[in-house]
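> Below is one structure. I have some questions about it.
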Amino acid sequence: MTEQQILQLWLKGYNKYKVAKIYQTTYNNTIKIIRLDIRNRNSGKILTNYEALAVVERIIYKYLKEQ
């Protein structure tokens, strides 16, 4: 998910917790797909709720500072 997609969800009316949950599931699904290959079985790290919320908050606050 890009920063623009996160901001679009937030501007539609989703709260930051719901956006973080959506970000977490999309990120973790891409990591799981990458890990299906034998070479990349240990690559990437699964995000927790707290880490996903930190990323989303950073993007939202950056957007709000620019406004």
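The values are calculated or read from the model by the stated rules, or taken from the named source; none is laboratory data. As the structure is a computational prediction, the values presented were derived from the model and not from experiment. Cβ placement follows ideal geometry from the backbone for every residue including glycine, while neighbour counts extend to all protein chains displayed. With ligands, DNA and RNA removed, areas are computed over all heavy atoms of the protein, side chains included. Shrake-Rupley method; radii C 1.70, N 1.55, O 1.52, S 1.80 Å.
> What is the sum of charges around residue 14, taking Lys and Arg as +1, Asp and Glu as -1, for the other residues whose C-beta is under 14 Å from the C-beta of residue 14?
On the way: positive: 12, 16, 18, 21; negative: 57.
That sum, taken over residues with Cβ under 14 Å, equals +3.
> Using a cut-off of 12 Å between beta-carbons, work out the net charge of the residues near residue 43 (Lys and Arg +1, Asp and Glu -1, residue 43 not included).
Values: positive: 32, 35, 39, 41, 45; negative: 37.
Taking every other residue near residue 43 into account, the sum is +4.
> Now for a separate question. Looking only at trypsin sites (Lys or Arg not before Pro) in DSSP loops with at most 16 other Cβ atoms within 10 Å, what is the longest site-free stretch of the chain? Write out the running numbers ahead of the final one.
Working: sites that count: 35, 39, 41, 45.
Result for the longest clean stretch: 1-34.
> With all protein chains present, how much of the accessible area of the chain (probe radius 1.4 Å) comes from carbon and sulfur, to the nearest whole percent? Walk me through the numbers on the way to the answer.
Working: 2840 of 5200 Å².
The value for the chain is 55 percent carbon and sulfur by accessible area.
> Further, regarding this structure: Over the chain, what portion of Cα pair distances is larger than 19 Å, expressed as a whole percent? Don't skip to the end; give the middle numbers.
Details: 800 of 2211 pairs.
Everything past 19 Å amounts to 36 percent.
> What accessible area per residue comes out for the chain, rounded to a whole number of Å², with a 1.4 Å probe?
For the chain, the solvent-accessible area averages 78 Å² per residue.
> If you don't mind, another one. Say R0 is 35 Å: what FRET efficiency, to the nearest 0.05, do residue 43 and residue 16 get from their beta-carbon distance? Don't skip to the answer; put the middle values down first.
Working: r = 28 Å, r/R0 = 0.81.
After rounding, the FRET efficiency stands at 0.80.
> Also, quick follow-up: For the chain, with only Lys/Arg (+1) and Asp/Glu (-1) charged at the beta-carbon, what is the dipole magnitude about the Cα centre, in debye rounded to 20? Can you show the working numbers first?
Working: 12 positive and 5 negative charges, 36 e Å.
I would put it at about 180 debye.
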